[in-house]
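Only the coordinates and a few stated rules stand behind these numbers; no lab work does. In this text the structure is predicted, and so the values were computed from the model without any measurement. Note: ideal-geometry Cβ built from the backbone for every residue, glycine included; neighbour counts use all protein chains shown.
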Amino acid sequence: MMMTNIFTPRKTLIAIAAAGMLSGLAAPVALASEGGPALQKHDWSFNGVFGTYDRGALKRGFQIYSEVCASCHSLKLVAYRNLQDIGFTEDAVKELAAEFEVTDGPNDEGDMYSRPARPSDRFVPPYANEQASRANNAGAFPPDLSLMVKARKGGPDYLYGLLIGYKEDLPEGFELADGMNYNEVFPGHQIAMGPPLYDETVEYEDGTPATLEQHAKDITTFLAWAASPEMEARKKLGIKVLLFLFVWTGMLYALKRKIWAKLH
Amino acid sequence: MKFGTNLILPVLDWVDYRLPVFSYARDNLIDYPTPKNLNYWWNFGSLAGILLMIMIITGFFLAINYSPHTEFAFASVEHVMRDVNYGWLLRFMHSNGASMFFVLVYIHMFRGLYYGSYKAPRELLWIIGVCIYLAMMGTAFMGYVLPWGQMSYWGATVITSLFSAVPIIGDTIVTWLWGGFVIDNNTLTRFFVGHYLMPAVIYMLVIVHMWALHQHKSNNPLGVDMKSTADSIPFHPYYTIKDMFGLGVFMIIYMGIVFFAPDMFGEPDNYIEANPLVTPPHIVPEWYFLPFYAILRSIENKLVGVIAMFAGVGILFALPWMDRCRVRSAKFRPIYRQFFWIFVFDCLVLGYIGAQAAVEPYVTIGRIATAYYFAHFLIVCPMICKFEKPLEPPESISSAILKSEQEKTAKGAG
């Protein structure tokens, strides 16, 4: 084939690959939330092609969720049974679920009744509905956390930045509304949620130093899992699929060259 | 068609005599004469066809797990992601497949623009292609509403509200589209039905597209007709293997995104359930609509803006009569070739502007880019046609190949 112009196949493929990579890189670069400092990028255990969720961080993160976040925030897309995926035994999950009450029914008499939650139930929310939630939180509605890591620009870096981004001293001239808190990375800097984590907010069973940064890291890892529980399976399968595709495509290229060689 | 005389093959003859599927496949897939000089830009049509099948299959499996009801839609998508076996794979293949579909089709269209594939006698082939593109846009728009996230809801609000700009019957059209006076369950249900129906329309249009293609066969980088058997090669094995190799490269990129960056094209806001009371700070459509979104926002008058946006696609129908230069390929059109790249750049600028907030300097840049977009079709193409002196295309495909090989040999000797 004649390839005198710029349309050569090799350049084409490079261009497509480059376009794909560029768009992939472009997204995380534009992280700076309006007016705030640029989000710090963290080396999360779940980053990268081979990334997995740090099991210790998941357990500690679940502890933080249970002891701190769960008093206001629901996690309604996650079921208790899902905890088995991050290292809880079946019995531990049963026990854990049974601490919560869910409404079931109607029974044979036509009445609704309460029963302990089962592993198949989704995490029981702290409030029955949005109105109850607002009534208990000075009008604010603590959002569900199931997809939080995927639902904000910057993902885990944003969440981490938000959790450690509370400042006592306001910048000059900043007017803080009543009952609000100043946060460096929250859009508009006024957030209804008070600082949820401090040093030693929870005591870790595994002896990890309970600093604010450690807390923020652990809960972010846990919520990243809650948002993308399929990630480890996805990446594991992805590596196999891509390895196959590389070999397959290489063989097809060799075959293509062989078949086309007969033409000239 | 004679298959043979053993035990099974006569059955094929029997069938073929009554319903010539085998002869048809031979004529159109195997012996089908194809220009011998197609480059890799000719891979994208068949790739788009394969991706259409992937979309239909993954779409079927998603649909059987999805609830088109405002109360359950968002949760049912998460049910697919979390509880359905390999549901995450189906969903990520489908959502990223939509983006990849547009990547392929845009490259396919720009290839047609560069090599003059819309020119006689392929005007209808091009027009049917534009129809497919329009059907794809409608399908993609309705599909994006189905997860019922914040961008789904607000994107649907912005786009459907455009129709209210139509004089007199505008509001009636919007009410009819919504199935009520607000975007609600009726809207979601009809969008789901539409999204499931439209691929059938696309599929049929693709068949007609193939029909028109096989009438005059593929254009080629030289833009000259196939004149003798020396110019063509059978589709199989030459282009089957070349398309397969291209498919492999495409799948590496597509699967790379599906498995390792599945939310790359998505907006984080769409992981928040639709809430009619909270408007997101920036409502942006999917990236493949951005150039047209930029055109829409460049014009202050709502009605004119809407007309301009649709005209942005509609003008493609007229292209075969805007550019009447008899030489097809930009290879032999020194002036057009430069303006082609300016036009590509203009489309990219429009796409970039479509993603920005409507503030200066983006508004002005968007207006200039919009004006140039239309000028390219209405002024630049006809003018080039009038003043450009195209180079003389070669006599035939085979003679051009012979010449270039002789030059190569001469260079090697010298």
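Below is a table of values for the structure above.
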{"quantity": "Alpha-carbon centroids, segment B:190-266 and segment B:23-71: separation in whole Å", "calculated": "6"}
{"quantity": "Per-residue [θ]222 nm for chain A (sum of -39500 (n - 2.57) over DSSP H runs n ≥ 4, rounded to 500)", "calculated": "-13000 deg cm²/dmol"}
{"quantity": "FRET efficiency, 1/(1 + (r/R0)^6) with R0 45 Å, evaluated for B:Gln406 and B:Phe22 via beta carbons", "calculated": "0.60"}
{"quantity": "Distance in nm between pseudo-label sites at B:Ala200 and B:Leu124 (7 Å out along the Cβ direction from Cα)", "calculated": "2.5"}
{"quantity": "Cleavage-rule hits, trypsin sites (Lys or Arg not before Pro), segment A:137-240, DSSP coil, Cβ neighbours within 10 Å at most 14", "calculated": "A:Lys167"}
{"quantity": "Under-5 Å amide H pairs with A:Val102, H placed in peptide plane, nonlocal only", "calculated": "A:Arg115, A:Ala117"}
{"quantity": "FRET efficiency, A:Ala92 to B:Tyr352 (Cβ-Cβ, R0 45 Å, nearest 0.05)", "calculated": "0.30"}
{"quantity": "Charged-residue dipole, Cβ positions (Lys, Arg, Asp, Glu), the protein assembly as shown about Cα centre, Debye nearest 20", "calculated": "4800"}
{"quantity": "Peptide-level mean, for B:232-242, of C-beta atoms on other protein chains within 10 Å", "calculated": "3"}
{"quantity": "Long-range amide H partners of A:Ala79 with built H, under 5 Å", "calculated": "A:Phe123"}
{"quantity": "Residue order, fewest to most beta carbons within 10 Å, for B:Leu47, A:Leu255, A:Leu263", "calculated": "A:Leu263, A:Leu255, B:Leu47"}
{"quantity": "Neighbour-count ranking [beta-carbon atoms within 10 angstrom, fewest first] of B:Thr139, B:Thr279", "calculated": "B:Thr279, B:Thr139"}
{"quantity": "Nitroxide proxy distance, nm - points 7 Å out along Cα→Cβ at A:Glu203 and B:Thr172", "calculated": "7.4"}
{"quantity": "Per-residue [θ]222 nm for chain B (sum of -39500 (n - 2.57) over DSSP H runs n ≥ 4, rounded to 500)", "calculated": "-21500 deg cm²/dmol"}
{"quantity": "DSSP beta bridges in the protein assembly as shown [antiparallel fraction, %, rounded to 5]", "calculated": "100"}
{"quantity": "Exposed-loop-free span, longest in chain B, where trypsin sites (Lys or Arg not before Pro) count as exposed if DSSP calls them loop and at most 14 other C-beta atoms lie within 10 Å", "calculated": "B:3-226"}
{"quantity": "Segment B:241-367, relative contact order [Cα under 8 Å, separation at least 6], %", "calculated": "31"}
{"quantity": "Segment B:250-358: GluC sites (Glu not before Pro) falling in loop per DSSP and having at most 14 other Cβ within 10 Å", "calculated": "B:Glu300"}
{"quantity": "Length-normalised contact order for chain B - Cα pairs under 8 Å, 6+ apart - percent", "calculated": "22"}
{"quantity": "Inter-site label distance for B:Phe72 and A:Arg115 at 7 Å from Cα along Cβ, in nm", "calculated": "2.1"}
{"quantity": "Efficiency of FRET between A:Asp108 and B:Val344 - r from beta-carbon atoms, R0 56 angstrom, step 0.05", "calculated": "0.20"}
{"quantity": "Neighbour-count ranking [beta-carbon atoms within 10 angstrom, fewest first] of B:Cys381, B:Cys131", "calculated": "B:Cys131, B:Cys381"}
{"quantity": "Dipole-positive endmost among B:Ala48, B:Ile30, B:Pro68 within segment B:23-103 (Cβ charges, Cα centre)", "calculated": "B:Ile30"}
{"quantity": "Over segment B:171-317, relative contact order from alpha-carbon pairs under 8 Å, at least 6 apart, %", "calculated": "7"}
